[in-house]
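These notes are about the structure you will find just below.
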Amino acid sequence: MNEIKLFESKQVRTLWDSLEEKWYFVVSDVISILTDTPDAADYIKKMRKRDGILSDAWSQIVIPKQFETAGGKQSLNCAEAKGLLRIIQSIPSAKAEPFKQWLAQVWYE
């Protein structure tokens, strides 16, 4: 089940995986919110170069999931809450702490 959740009026695409009973969050949406970057893919590339440990674990943290978009079904890189927290550790942002609190609330609901 795809859903749009709002963090400070900015959209975060989410997916509830009923088999795993977990929420997944689109990584590029989170990066865009925390960094105000217009190019989340470029930021992710640079972040992975900076943080070798994160880069080595990327394939275990980030999982492609299918989303319905305006252009049809697309595979988007997602992370569940634990993986997302690890990614957030590599982002110097004043929004990180409020986002973590928001993430905990979404996970709880």
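The values are calculated or read from the model by the stated rules, or taken from the named source; none is laboratory data. Remember, predicted model here, so these are calculated numbers, not experimental data. Every residue, glycine among them, receives a Cβ derived from its backbone with ideal geometry; neighbour counts consider all protein chains shown. Accessible surface areas use protein heavy atoms only, side chains included; no ligands, DNA or RNA. Shrake-Rupley method; radii C 1.70, N 1.55, O 1.52, S 1.80 Å.
Summary of computed values
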quantity: The range 1-84: GluC sites (Glu not before Pro) in DSSP loop, at most 14 other beta carbons within 10 Å; calculated: 8, 20, 21
quantity: Karplus 3J(HN,Hα) series, Hz, for the range 15-20 with 6.51 cos²θ - 1.76 cosθ + 1.60 (x for Gly, Pro); calculated: 9, 8, 9, 5, 5, 8
quantity: Whole-angstrom gap from the range 71-109 to the range 29-60, using each part's C-alpha centre; calculated: 12 Å
quantity: J(HN,Hα) series, the range 45-52, from Karplus relation 6.51 cos²θ - 1.76 cosθ + 1.60, nearest Hz, glycine and proline x; calculated: 4, 5, 4, 5, 5, 5, 10, x
quantity: Charge dipole (the chain, unit charges on Cβ, about Cα centre) - positive-most of 53, 34, 24; calculated: 53
quantity: Built amide H within the under 5 Å cut-off of residue 90, gap 5+; calculated: none
quantity: ³J(HN,Hα) computed for each position of the range 53-58 - Karplus, 6.51 cos²θ - 1.76 cosθ + 1.60, integer Hz, glycine/proline x; calculated: 5, 4, 4, 5, 8, 3
quantity: Solvent-accessible surface ranking, highest first, for 19, 76, 85 at 1.4 angstrom; calculated: 19, 85, 76
quantity: Kirkwood-based Rg to Rh ratio, the chain, C-alpha trace; calculated: 0.93
quantity: Segment residue 70-residue 53, length gained on full extension (0.36 nm per residue, minus Cα span); calculated: 2.6 nm
quantity: Average accessible area per residue (Å²) across the chain - probe 1.4 Å, nucleic acids and ligands excluded; calculated: 61 Å²
quantity: For the chain, built as a Gaussian network whose Cα springs stay under 10 Å, the top-fluctuating residue of 72, 83, 52; calculated: 72
quantity: Rg/Rh for the range 66-109, where both radii come from Cα atoms and Rh is the Kirkwood radius; calculated: 1.08
quantity: Estimated 222 nm signal from helices in the chain, with DSSP H stretches of n ≥ 4 weighted -39500 (n - 2.57), rounded to 500; calculated: -14000 deg cm²/dmol
